[in-house]
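Right, one structure below, let's go through it.
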Amino acid sequence: MIRGVRGLALVAILTVLVGCGALRIKEQRTSQGQMAEDLFVTMVYIANGREPNFDERRHWDNQLDLRISQYLHAHPDAASSTDVSTFRFLKQASVGQTNEQVLILLGPPMARTTDWRAGWSSGVRHGRVAGPNVKPVPERPDTGSTVSISPPVRRTTGTVP
């Protein structure tokens, strides 16, 4: 009788553990990012409480086309790449684009941080090790502020017990 109860309890515990493991949030990555027009509409809506009108959209679209054309003229290797249609016509950020291409499409970031706690939460989410040893790196002109991880330093003085 006791063996049956123990076996049943063991099966119940294993079932609960497997069920909890299945409920974990799984990170899903995509190769396609946000479209520039969607971000523009969202930003105008946040700022003005309405979607942009026809003239605002046309002006923004012309300015974006001009910046894209200038970039492709200055970088002929990007103009002949296979993903130029995503950049020029769809105006969508995607994997493999340079930082400059993403900045042209989506604009500068809304916020940057040098706080190690922000890197900590990001590191935990992506499975990286971080903690109080995380120190901000000086701002670089091409990428902005980043967070680096330095290993802990062990110092031994005297004798070890």
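The values are calculated or read from the model by the stated rules, or taken from the named source; none is laboratory data. Everything quoted here is computed from the prediction, not taken from an experiment. Cβ placement follows ideal geometry from the backbone for every residue including glycine, while neighbour counts extend to all protein chains displayed.
From the list 66, 72, the lone residue that is touching a helix residue (DSSP H, G or I) at 6+ places or on another chain (Cβ under 6 Å) and not acidic (Asp, Glu) is 72. Exactly one residue among 44, 11 is modelled with pLDDT of 75 or more, closer than 21 Å to residue 63 by Cα, part of a helix (DSSP H, G or I) and among the β-branched types (Val, Ile, Thr), and that residue is 44. Among the residues making up segment 64-94, those that are assigned to a loop (DSSP other than H, G, I, E, B) and touching a strand residue (DSSP E or B) at 6+ places or on another chain (Cβ under 8 Å) are 83, 91.
Scanning segment 51-104 for residues that are surrounded by 12 or more Cβ atoms within 10 Å (Cβ to Cβ) and touching a residue at least 60 places away in the same chain (Cβ under 8 Å) yields a total of 4.
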